[in-house]
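So the structure is just underneath, and the comments pick up after that.
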Amino acid sequence: MTGTAGKTTEPWRVGVLFSRTGFMAVIEETQLRGTLLAIEEINAAGGVNGRELIPVLYDPASESAAFGLCAKRLMIEDGITTIFGCYTSSSRKAVLPVVERLNGLLWYPTLYEGFEFSPNIIYTGAAPNQNSLALCRYLMETYGRRFYFIGSDYVYPRESNRVMRELVRHAGGEVVGETYLSLRAKRRDFQPVMRDIRSQSPDMIFSTVVGDSTTYLYQSYLEAGFNPKTQPIASLTTTEAEIRAMGFDVGEGHITAAPYFECLAGESNSSFVSRYKKRYGQDEPTNMCVEAAYFQVHVFARTLERTNCMDTDALRPMILGSEFEAPQGRISINPHCGHTDLWPRIGRANSRGQFDIMWDSKAPVRADPYLIGYGRSTVFS
Ligand code: ACM
């Protein structure tokens, strides 16, 4: 459509791929909400250069292969170049070859295992140097040196544990057990793991369990009589959303490392939290994945304002180096690696389903997805 001044008023169409159904829906639904909240805010302020943003949504239903197929459909049939989406690393790895082949741009708002670079992905969640490093140090200072690893069986847990094992050993700790369960694991599948934990007697559990089985892990742990005060489960993925799903009493006392928690002080976060609750309900908590899903759309819109075109080759150089006052603090898209410089923090879940901040970085930490600076890091020295 063309306006009177010959200026197009045609909307900008963007793809959105998060699961609303299946075993990942609890967290991915919140990422969808963060994405849509940002789009609504941008449209309420007049859109981008007077043109509305229109999300084209598909539900890949927690199936990694479906993410690849939906990405193809978005790019080939719907003619879309920019996609916001993916929680699991296996879904990202299914979308990666599609955006690379068709020169699209995936905005990925989830912490992951690092050791990846694609010119067609902008990574806005934490890399291991922004969560695992600080978590390892905190756990060893607070609880002891003997770790037990439990994870869902796919790429993120296996690779994340590989990194964590290296950090633990380097700091003089020990991994006394390592177990993987299916992403579709049920509550009964955790019983043998509880027996193994009892027999190994670690000082803490490092969990890379994701999705619905997160609830089964923490419930089984409570039922087995382990005490989080002295022997917590520590995670990079258990957010306010998973704590709400499992029950506040079940999550209390356990530890999570993340750049964002709902409880953060500051005007940027309190206004974000109140807008989120107004839109989705007073009982709906924000979390690190919502926050990244939210701020990345704003970073995109500001860039689009400058390029006035959705071509990936025009957008990417303008995205790199851009900064944004996010709810977690000022973030920037690192021009060297397309990951985001973020604020590492450690939280401990309390009886209200919120996290108390146990440690926070006094400055943003540069994304180092290949851990090149490891050994010289200020976070873990
Ligand atoms: C993840 O799979 N990156 C949590």
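The values are calculated or read from the model by the stated rules, or taken from the named source; none is laboratory data. In this text, all values refer to a predicted model and were calculated from it rather than measured experimentally. Every residue, glycine as well, gets a Cβ built from its backbone with ideal geometry; the counts of neighbours run over all protein chains shown. Just the protein is used for accessible areas: all its heavy atoms, side chains included, with ligands, DNA and RNA removed. Shrake-Rupley method; radii C 1.70, N 1.55, O 1.52, S 1.80 Å.
Here are the criteria: (1) within 16 Å of the ligand (Cβ to nearest atom); (2) touching an Asp or Glu at 6+ places or on another chain (Cβ under 6 Å); (3) open to solvent by 40 Å² or more (accessible area, probe 1.4 Å). Tell me which single one residue 146 does not satisfy.
Going through (1) within 16 Å of the ligand (Cβ to nearest atom); (2) touching an Asp or Glu at 6+ places or on another chain (Cβ under 6 Å); (3) open to solvent by 40 Å² or more (accessible area, probe 1.4 Å) one by one, residue 146 breaks only (1).
Within segment 76-106, take every residue that is among the aliphatic types (A, V, I, L, M) and over 22 Å from residue 33 (Cα atoms) and give me the one that is surrounded by the most Cβ atoms within 10 Å (Cβ to Cβ).
First, the residues of segment 76-106 that are among the aliphatic types (A, V, I, L, M): 76, 80, 83, 94-96, 98-99, 102, 105-106.
Then drop every residue that is not over 22 Å from residue 33 (Cα atoms), which leaves 76, 94, 96, 98-99, 102.
Values: 76: 11, 94: 22, 96: 21, 98: 22, 99: 24, 102: 16.
Filtering segment 76-106 for residues that are among the aliphatic types (A, V, I, L, M) and over 22 Å from residue 33 (Cα atoms), the one surrounded by the most Cβ atoms within 10 Å (Cβ to Cβ) comes out as 99.
Return the pair list, or none, for Cβ contacts closer than 8 Å from residues in segment 175-198 that are within 20 Å of residue 158 (Cα to Cα) and without any contact (Cβ under 8 Å) to a residue 60 or more places away in the chain to residues that are surrounded by fewer than 17 Cβ atoms within 10 Å (Cβ to Cβ) and aliphatic (A, V, I, L, M), at least 6 apart or on different chains.
What qualifies is 194/224; 197/224.
What about residue 315, is it more than 21 Å from the chain's Cα centre (by Cα), open to solvent by less than 40 Å² (accessible area, probe 1.4 Å) and under 25 Å from residue 370 (Cβ atoms)? Steps first, answer last, please.
Values: more than 21 Å from the chain's Cα centre (by Cα): yes; open to solvent by less than 40 Å² (accessible area, probe 1.4 Å): yes; under 25 Å from residue 370 (Cβ atoms): yes.
Taking the combined requirement at face value, the residue satisfies it.
Return the pair list, or none, for Cβ contacts closer than 7 Å from residues in segment 33-48 that are without any contact (Cβ under 8 Å) to a residue 24 or more places away in the chain to residues that are open to solvent by 10 Å² or more (accessible area, probe 1.4 Å) and not acidic (Asp, Glu), at least 6 apart or on different chains.
Pairs that qualify, where the first residue is without any contact (Cβ under 8 Å) to a residue 24 or more places away in the chain and the partner is open to solvent by 10 Å² or more (accessible area, probe 1.4 Å) and not acidic (Asp, Glu), are 36/55.
Any idea how many residues of segment 88-142 are closer than 27 Å to residue 347 by Cβ, more than 14 Å from the ligand (Cβ to nearest atom) and among the small types (Gly, Ala, Ser)?
So the count comes out to 1.
If you check every pair at least six apart or on different chains, which have Cβ atoms under 6 Å apart with a residue in segment 134-152 that is closer than 29 Å to residue 184 by Cβ and touching a residue at least 40 places away in the same chain (Cβ under 8 Å) first and a residue that is small (Gly, Ala, Ser) and open to solvent by 40 Å² or more (accessible area, probe 1.4 Å) second?
Pairs found: none.
Give segment 211-265 a look and list any residue that's hydrophobic (A, V, I, L, M, F, W, C), within 17 Å of residue 201 (Cα to Cα) and either within 16 Å of the ligand (Cβ to nearest atom) or open to solvent by less than 10 Å² (accessible area, probe 1.4 Å) (or both), or say none.
Residues of segment 211-265 that are hydrophobic (A, V, I, L, M, F, W, C), as a first pass: 217, 222, 224, 226, 233-234, 236, 241, 243, 245-246, 248, 250, 255, 257-258, 261, 263-265.
From what's left, within 17 Å of residue 201 (Cα to Cα): 217, 222, 224, 226, 233-234.
Once the filter is applied, which keeps residues that are hydrophobic (A, V, I, L, M, F, W, C), within 17 Å of residue 201 (Cα to Cα) and either within 16 Å of the ligand (Cβ to nearest atom) or open to solvent by less than 10 Å² (accessible area, probe 1.4 Å) (or both), segment 211-265 yields 217, 233, 234.
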